[in-house]
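Peer 1: Take this structure, written in structure tokens, and hold onto it; I'll ask about it next.
The values are calculated or read from the model by the stated rules, or taken from the named source; none is laboratory data. A quick note: this is a predicted structure, and the numbers were derived from the prediction, not measured. Positions of Cβ are generated from backbone atoms using ideal geometry, with glycine treated the same way; all protein chains shown enter the neighbour counts. What goes into the accessible areas is simple: the full protein's heavy atoms, side chains included, and nothing from ligands, DNA or RNA. Shrake-Rupley method; radii C 1.70, N 1.55, O 1.52, S 1.80 Å.
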Amino acid sequence: MTYDFNSILPQSSDAKHGIATYIQYKLAQIWPNLYGLSLLTLGQTTTLTPETIWYPSYHIHGQLNTNNPILYNAMSISKQQACCFLIESFPFQECSFDRIVYIYDDFITKDQFEQLLRSCWKTLDDSGKIIMLLPNKLGWWSLIDNLSLRYRNTFLMQKLNRILTQHLFRISHYERVLYFPPKLMNNMSLRSNRILEFLGLFFVPFLGGYHLIEIEKNLCAPITVAPLKKKYILQSELSKSSWNRKHSS
């Protein structure tokens, strides 16, 4: 299992079950509708976004590229515009999108992921939000298909939270999803997958295959104050007490 959604999802585009339908259901739970809002989707999101529920005012899908120069409005997919551009240089004005969805691309390294966060911060509106679906380093079902790729470009939640904070984002919603192997979930209906996910959350809450997070934009960097050591505080109090005794005598 290489965390490539092209290999996870069923080949039939009109399949009414499986992981694609379940992810659409989870996204629609977080954002019930996007009426009147602008939407930018990134990565492998073409078949995963609930377009028939969201109805954004306009929708652009971005194919992320690490080598080729920017190509804007390269093609049209149904009612949405699609374009190919570099990770570190989005061809949009600052604060031009209300919502961004990023579904993990397996060719993007962790360093490139941080570049992606910087670009998303510039492109996102000040009150905007981002949904990200990222592979969990503790996801146990990845061992079934490909043990050698288990630790490639995956994330621990503690480290992911630190990266997001460094790039001026805060987490507003978090859960783990896809607790069972794709071959099983793709043969199940939405109702059956919801039951499977409930069982996975109940028995192995930390071992879901993916992190599903919603993040918001911080306009200012957080101010961190180094905590004072107890030894320093104790010495300071002792020096003050000795000074008071000296002058009182």
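Peer 1: Every residue in the stretch 165-188 that is open to solvent by 50 Å² or more (accessible area, probe 1.4 Å), aliphatic (A, V, I, L, M) and not in a helix (DSSP H, G or I), please.
Peer 2: I171, M188
Peer 1: Same structure, new question: Could you tell me which numbered condition L27 fails, if it satisfies all but one of (1) open to solvent by less than 50 Å² (accessible area, probe 1.4 Å); (2) hydrophobic (A, V, I, L, M, F, W, C); (3) modelled with pLDDT under 90; (4) over 20 Å from W121 (Cβ atoms)?
Peer 2: Every listed condition holds for L27 apart from (3).
Peer 1: Let me ask something else about it. Would you mind finding the one in R162, R191, R152 that is open to solvent by 60 Å² or more (accessible area, probe 1.4 Å), modelled with pLDDT of 90 or more and more than 14 Å from the chain's Cα centre (by Cα)?
Peer 2: Within the list R162, R191, R152, the selection yields R191.
Peer 1: Condition test on D98, is it touching an Asp or Glu at 6+ places or on another chain (Cβ under 8 Å) and assigned to a loop (DSSP other than H, G, I, E, B)?
Peer 2: Judged against the criteria, D98 is not a match.
Peer 1: Conditions: (1) open to solvent by 50 Å² or more (accessible area, probe 1.4 Å); (2) at pLDDT 70 or above. L9 meets all but one. Number of the miss?
Peer 2: Of (1) open to solvent by 50 Å² or more (accessible area, probe 1.4 Å); (2) at pLDDT 70 or above, only one is false for L9: (1).
Peer 1: So how many residues does the stretch 30-57 have that are open to solvent by 30 Å² or more (accessible area, probe 1.4 Å), outside any loop (DSSP other than H, G, I, E, B) and of a type in the set (S, T, Y)?
Peer 2: 2
Peer 1: Mind telling me which of the residues Y72, Y104 ends up being buried (at least 18 other Cβ atoms within 10 Å of the Cβ) and modelled with pLDDT under 90?
Peer 2: Y104
Peer 1: OK, next. Can you confirm whether L212 is in a helix (DSSP H, G or I) and either within 30 Å of L117 (Cβ to Cβ) or at pLDDT below 60 (or both)?
Peer 2: So L212 fails the test.
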